[in-house]
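Working notes for the structure below.
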Amino acid sequence: MRHRVAHRKLGRVTAHRLALLRNMATALFERERIRTTLMKAKELRPYAERLITLAKRDEDRLHARRLVSRDIQDATVVRKLFDTLGTRFSTRPGGYTRILRLGPRRGDGAEMAILELIGSEYAPEKKGEKGAAGKKAAEPKKSEGKKAAEKKEPKAKAEGEKKPAAKAGGRKKKAETSAE
């Protein structure tokens, strides 16, 4: 009988399981959305929500920060948890995370899921915005690449160094003619 047995073991010893949960919670608070197996997501959810509840505390804030610092070793993540995430969820009584099922993983068939914080939903760009922004960003990169190549060639000639010969004959001839 499994009376009062609360958590999944996830096929790991206790120390490894705690390290896994700590690392996953750190990644969740840092990125606000992670992709993992469904069982790990279900196990991480109460663990992460307990840490967020500690971050919401108004009184004994230093003590709460120290309790969270036991599990989250990264100081920047702890700061983000208390400053941004704690204030974001300050009026919410619980349920700070959402699990989205993705289906089986291709390699071993494990059920996959996305665990995300509420309020960090994916918002794709509209087609008009994406196309215009993509074209503007691509054009300067091409022109910068040409300018950089032109600047490098005179330096090599001035120093007396030879460029390495290309293996394909057609490429070498084109490179020589464009350089001259």
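Summary table below
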{"quantity": "Filtered residues of the range 45-97 (kept if under 21 Å from residue 120 (Cα atoms) and basic (Lys, Arg))", "calculated": "45, 50, 56, 79, 80, 88, 92"}
{"quantity": "Some residue of the range 15-28 being of a type in the set (S, T, N, Q), within 16 Å of the chain's Cα centre (by Cα) and assigned to a helix (DSSP H, G or I)", "calculated": "yes"}
{"quantity": "The one condition in (1) free of Cβ contacts under 8 Å to residues at least 12 places away in the same chain; (2) surrounded by 13 or more Cβ atoms within 10 Å (Cβ to Cβ) that residue 49 fails to fulfil", "calculated": "(1)"}
{"quantity": "Answer from 20, 54, 62 - the residue that is surrounded by 14 or more Cβ atoms within 10 Å (Cβ to Cβ) and under 19 Å from residue 87 (Cβ atoms)", "calculated": "54"}
{"quantity": "In the range 81-116, the residues that are loosely packed, with under 13 Cβ neighbours inside 10 Å and within 20 Å of residue 69 (Cα to Cα)", "calculated": "83, 87, 90"}
{"quantity": "Among residues of the range 10-43, those that are out of contact with any His (no Cβ under 7 Å at 6 or more places or on another chain) and either closer than 14 Å to residue 112 by Cα or among the basic types (Lys, Arg) (or both), counted", "calculated": "14"}
{"quantity": "Test set (1) exposed (fewer than 12 other Cβ atoms within 10 Å of the Cβ); (2) within 26 Å of residue 42 (Cβ to Cβ); (3) modelled with pLDDT under 80; (4) hydroxyl-bearing (Ser, Thr, Tyr) - residue 143 fails condition number", "calculated": "(2)"}
{"quantity": "Criterion (modelled with pLDDT of 95 or more, polar (S, T, N, Q) and closer than 23 Å to residue 27 by Cα) met by exactly one of 87, 97", "calculated": "97"}
{"quantity": "Identity of the residue in the range 27-44, aliphatic (A, V, I, L, M), in contact (Cβ under 8 Å) with a residue 40 or more places away in the chain and within 24 Å of residue 79 (Cβ to Cβ), that ends up surrounded by the fewest Cβ atoms within 10 Å (Cβ to Cβ)", "calculated": "34"}
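The values are calculated or read from the model by the stated rules, or taken from the named source; none is laboratory data. Everything quoted here is computed from the prediction, not taken from an experiment. All Cβ positions, even for glycine, are placed from backbone atoms using ideal geometry, and neighbour counts span all protein chains on display.
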